[in-house]
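Chemist: First the structure, then my questions, so here it is.
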């Protein structure tokens, strides 16, 4: 009875941690955990999403990732004789590609934002001579070496070729970056395009880039602090998993309650589900949400 009660207490801890990392105003994002579970037959969507973030992974390769993940859980199922683990592995396997794609997308966006300030500075230095955003941006594009920034500027030039509207092309660029901290820069750039690149306009643009630089320095500090918190979270999850092991060794019935009884197997399932939820929600909670920056 003691192992079961102890396991129930720690399962409650997992649920509490999930609620902690998933506050009410963010629970709408929980749909992202559910939607991929119905996408096992829609591997083409995974392939398209991977291509969008710069990964050349086919639907067949995603299927292999899913099957490999399920196979690992199947092996654990054979070792523990707990069918519930295989059921959990099925859901984890289907969600895993979505998780990898989201991590890559976040990484790409953070990398893009961290590389923006120098090209913006270079663009501003070209504008007084060119007195034209498109010509200044084209010259800046030719001097930039980072591929993600070059693709961003190429997108602007393509939009200009199709629409001929500086405002629309800049709005498309702002949409691609999708960072609120860049809004002031683009708004001032559009305003300067229509009202002229006066000293006041150039000063406003310079202040917008300075604000972005300040925020990026703050972001780096937050990232460093969150890395420490993540290590502590992972360590805590590992320590919690020691309790089933310890309680199994000290049982007095001569039978391992977690391996040989239905309630024990279900509690191991709850341990596993809680660990996955805490890990995923902890990653979301402790990772910078660029949509809110």
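The values are calculated or read from the model by the stated rules, or taken from the named source; none is laboratory data. Because the structure is predicted, anything quoted here is derived from the model rather than measured. Positions of Cβ are generated from backbone atoms using ideal geometry, with glycine treated the same way; all protein chains shown enter the neighbour counts.
Chemist: Only one of these conditions is not met by residue 247: (1) surrounded by fewer than 19 Cβ atoms within 10 Å (Cβ to Cβ); (2) over 21 Å from residue 103 (Cβ atoms). Which number is it?
Modeler: Failed condition: (1).
Chemist: Of 74, 64, which residue is touching a residue at least 12 places away in the same chain (Cβ under 8 Å) and more than 18 Å from the chain's Cα centre (by Cα)?
Modeler: 74
Chemist: Would you check which residues across the stretch 58-68 are in contact with a helix residue (DSSP H, G or I) (Cβ under 9 Å, 6 or more places away or on another chain) and surrounded by fewer than 19 Cβ atoms within 10 Å (Cβ to Cβ) and list them? It would help to see each step written out before you state the result.
Modeler: Going residue by residue through the stretch 58-68, those that are in contact with a helix residue (DSSP H, G or I) (Cβ under 9 Å, 6 or more places away or on another chain) are 58-63, 65-68.
Result: 58, 59, 60, 61, 63, 65, 67, 68.
Chemist: Could you name every one of the helices (runs of 4 or more DSSP H) located completely within the stretch 1-109 that has at least 3 residues being modelled with pLDDT of 80 or more and within 29 Å of residue 181 (Cα to Cα)?
Modeler: The qualifying helices (runs of 4 or more DSSP H) are 43-52.
Chemist: So, one more: Given the residues 84, 120, which is the only one that is in contact with a helix residue (DSSP H, G or I) (Cβ under 6 Å, 6 or more places away or on another chain), farther than 30 Å from residue 196 by Cα and touching a residue at least 60 places away in the same chain (Cβ under 8 Å)? Walk me through how you get there before you give the answer.
Modeler: Working: 120 fails: farther than 30 Å from residue 196 by Cα.
When all the criteria are applied, what remains is 84.
Chemist: Something else now. Quick one: in the stretch 194-211, of everything that is surrounded by fewer than 18 Cβ atoms within 10 Å (Cβ to Cβ) and touching a residue at least 60 places away in the same chain (Cβ under 8 Å), which residue is nearest to residue 119 (Cα to Cα)?
Modeler: Looking at the filtered set, the residue picked out is 206.
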